[in-house]
Amino acid sequence: MLANNARGRGPRDRRRAARTPRELPDDTAGHVILTAHGPIEAALIDRLTQFQTPYAVIVPTVSQGLHLHDQGLQVMVGDVDDPQTYRRARVTQ
């Protein structure tokens, strides 16, 4: 436990990171990437869920990610203006 805390990655930090990843799994494919969450995106997420289409909402902060994750949404933390965010979101898959 001391080693985890020494690196700043205690159990609580690991749980938060699992709920708000900065990268989607390597095998992620055929998904929709959303860069905002509002009424239109919520309606789209309902449809995506209805048709069993995977999605991820990119949010700029962990706190926003935790809030949306706690509402049952799939999220990823990243800067929507950074091309690397989309690589980590597996945009080409």
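The values are calculated or read from the model by the stated rules, or taken from the named source; none is laboratory data. As the structure is a computational prediction, the values presented were derived from the model and not from experiment. Here Cβ is always computed from backbone atoms with ideal geometry, including for glycine, and neighbour counts include all displayed protein chains. We work out accessible area using only protein heavy atoms, side chains counted, and drop any ligands, DNA or RNA first. Shrake-Rupley method; radii C 1.70, N 1.55, O 1.52, S 1.80 Å.
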Legend entry - From phi via Karplus (6.51, -1.76, 1.60), per-residue ³J(HN,Hα) for region 79-93 in Hz, x at Gly/Pro: 8, 5, 8, 9, x, 4, 4, 6, 5, 5, 8, 6, 4, 7, 9
Legend entry - Exposure rule at most 15 other beta-carbon atoms within 10 Å, DSSP loop trypsin sites (Lys or Arg not before Pro): the chain longest free segment: 23-93
Legend entry - the chain - percent of accessible surface contributed by carbon and sulfur, probe 1.4 Å: 53
Inset, instruction - As a check on your grasp of the helix formula, calculate [θ] at 222 nm for the chain: sum -39500 (n - 2.57) over DSSP H runs of n ≥ 4, divide by the residue count, round to the nearest 500. - result: -12000 deg cm²/dmol
Legend entry - 14 Å beta-carbon shell around Thr28, net charge (K/R +1, D/E -1): +1
Legend entry - Long-range HN-HN contacts of Val75 with modeled amide H, under 5 Å: Val57
Inset, instruction - Would you work out if region 41-93 is rounded, prolate or oblate? Take a ≥ b ≥ c from the square roots of the eigenvalues of the alpha-carbon gyration tensor; rounded if a/c is under 1.5, else prolate when a/b is larger than b/c, oblate otherwise. - result: oblate
Inset, instruction - Return the single residue from Val32, Val77, Val62 with maximal mean-square fluctuation; model: Gaussian network over the chain, springs between Cα atoms under 10 Å. - result: Val32
Inset, instruction - Only Cα pairs under 8 Å and at least 6 apart count here; give the relative contact order of the chain as a rounded whole percent. - result: 33
Legend entry - Listed residues Asp70, Asp79, Asp27, most fluctuating in the chain (Gaussian network, C-alpha, under 10 Å): Asp27
Legend entry - Residue with peak Gaussian network fluctuation, the chain [Cα springs, cutoff 10 Å], from Gly65, Gly30, Gly38: Gly38
